[in-house]
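Values in this text are rule-based calculations from the coordinates and carry no lab data. Just so it is clear, the model here is predicted, and its values are computed rather than measured. All Cβ positions, glycine included, derive from the backbone under ideal geometry; neighbour counts span all protein chains shown.
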Amino acid sequence: MLLFGQPISRIHRLHRDDLNQTDDTLTIGFGDPPTPVPEPLASLLRQLAASAPQPGWLFPGRNPGQPVTYQTLHHGLRKLGFPINQARISALRQLVVQVPPPVVADALGIHTTTANRQAVNAGTTWSRYANRDRHR
């Protein structure tokens, strides 16, 4: 959530198949293309995937074969004092300041309107991104 600005509704359903290891790079399939995961998070995700029970949910729930529920994860984070909405929005805003919003939208599997809104709220716009020429 803090790194990729993903909502709990996507995080709680992460599966080990969402992770792909190539050479020294771990990617996570939020969007297309998959997003590279930096260290030390990559190491933690590798450990989590290796210890995931069948069928491979990274955050298994109480019921066999099911991921942890949204409510359980949300409640646990709130109980720890984690600012869920603010953390997600802050992460998205930081990403669209560093990377053009269309690239962020594709890589994270979020709507372009969401990326654009966060770019505007962060004080940047899509105008600094050169779109490809579709007529060539």
Once both label points are put 7 Å beyond Cα along the C-beta direction, the Q47-H75 separation in nm becomes 2.7
For the chain, the fraction of alpha-carbon pairs in successive 10 Å shells from zero, as %: 12, 36, 35, 14, 4, 0
If each of M1 and Q21 carries a label point 7 Å out from its Cα toward its Cβ, how far apart are those two points in nm? 2.8
Expressed as a rounded percentage, what relative contact order does the chain have, with Cα pairs under 8 Å and six or more residues apart? 27
About its Cα centre, how strong a charge dipole does the chain have in debye, to the nearest 20, once Lys and Arg get +1 and Asp and Glu get -1 at the Cβ? 520
Ranked list, fewest to most other Cβ atoms within 10 Å of each Cβ, for T114, T22, T35: T22, T114, T35
Within 10 Å of each residue's Cβ, count the other Cβ atoms and sort D24, D17 from fewest upward. D24, D17
